[in-house]
Amino acid sequence: MKNLLIILTMFLQPNKVGEDTEKTLYQDMVHEQSPRGVKSAVYSSLMIQVLSTAGGSSMGTGNLVSIDMGTDVDFSGDSIDITFRDATIVFTAQHVVNDAAMLVVVERNGNTIPASVIYEDEAKDIAAIVLHGKPTITEAIDFKQKKDNKIGKEVYHCGHPSIVPFNLSRGIITSLQENHVVTDSFALPGSSGSVVFGESGDIIGIVVSVGFDQPFGLPELIEEVVRVSLIDYLDIQGIVEALENGHTGIESRDNNN
């Protein structure tokens, strides 16, 4: 009887087994000796498809990030450890989701999940969205930062240029600016919104790629250099509280089912 129950339990959960296998195959595409930053960039990457209120459509990138709640803030050493109540969100660029009437995220296996914008910082060109469904193969990366964003630091991001979706790019920080850094990594249309990771998997910022020959604030994706808006000083506490208060997000949607 015990063996029969085990068999029945396995039979009633085929999707979970399939998802785990698919996720493993997806993650096996990344070389096992790659830095944590490479794995974080690839495993958490999502394609964002947007339908604007004007009827147009566009595509960008986002990354799934997990934020945990705590009370300790540690500024010692070379790390900044700030944690908050458990929440899983997608960071992207604000201009990717600006004026969105509807948006969805797409996983590498083609799974599509509706989403909503919960946070926008137009000045920094950073936004956060929440998913109205559970990802099947995409991994949420723990939110952590370091205080070593200086020229020469190696960085990674995974975006979705129209010609090569889920494309990893590597570079170094080449310039420091107020609230931004510049890298020599590669970006094309569809890469905007990618979370940029350091070698250890720490989050540096978001690809916004504002062209230097354009007035500040006008997004322009370019190949030569990539502009990255630093994620420092975002109102993470406010984002988590918005989720808890049911303004939008997975929890409020699930509670209505």
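The values are calculated or read from the model by the stated rules, or taken from the named source; none is laboratory data. What you see is a predicted model, and the numbers here were worked out from it, not measured in a lab. Neighbour counts run over all protein chains shown; Cβ positions are idealised from the backbone, glycine included. Each accessible area value is taken on the protein alone, full model and side chains, heavy atoms only, with ligands, DNA and RNA left out. Shrake-Rupley method; radii C 1.70, N 1.55, O 1.52, S 1.80 Å.
Residues of segment 137-157 with an amide N closer than 14 Å to a point placed 7 Å from the Cα of ASP184 along the Cα-to-Cβ direction: 151-155. Using only Cα atoms, locate the centre of segment 36-65 and the centre of segment 92-150, then give the distance between them in Å, rounded to an integer. When both Cα centres are located, 6 Å separates them.
Once you have a ≥ b ≥ c as the square roots of the Cα gyration tensor eigenvalues for segment 112-181, tell me rounded if a/c is under 1.5, and otherwise prolate or oblate according to whether a/b is larger than b/c. Prolate shape, in that a/c is at least 1.5 and a/b is the bigger ratio.
Note on surface exposure: GLU241, GLU122 rank GLU122, GLU241 by accessible area, highest first, 1.4 Å probe. Consider a paramagnetic label point 7 Å from the Cα of GLN27 along Cα→Cβ; state which residues of segment 87-122 have an amide N under 17 Å from it. Counting backbone N atoms under 17 Å from the label point, the list is 108-109.
Multiplying the residue separation of ARG36 and GLU120 by 0.36 nm and removing their Cα-Cα distance gives an extension gain of 27.4 nm. With the simple spin-label model, which puts each label point 7 Å out from Cα in the Cβ direction, the ASN109 to TYR233 separation comes to 4.1 nm.
Compare ILE236, ILE163 by solvent-accessible area with a 1.4 Å probe and give them largest first, with all protein chains kept in place.
On the way: ILE236 10, ILE163 130 Å².
Descending accessible area places them as ILE163, ILE236.
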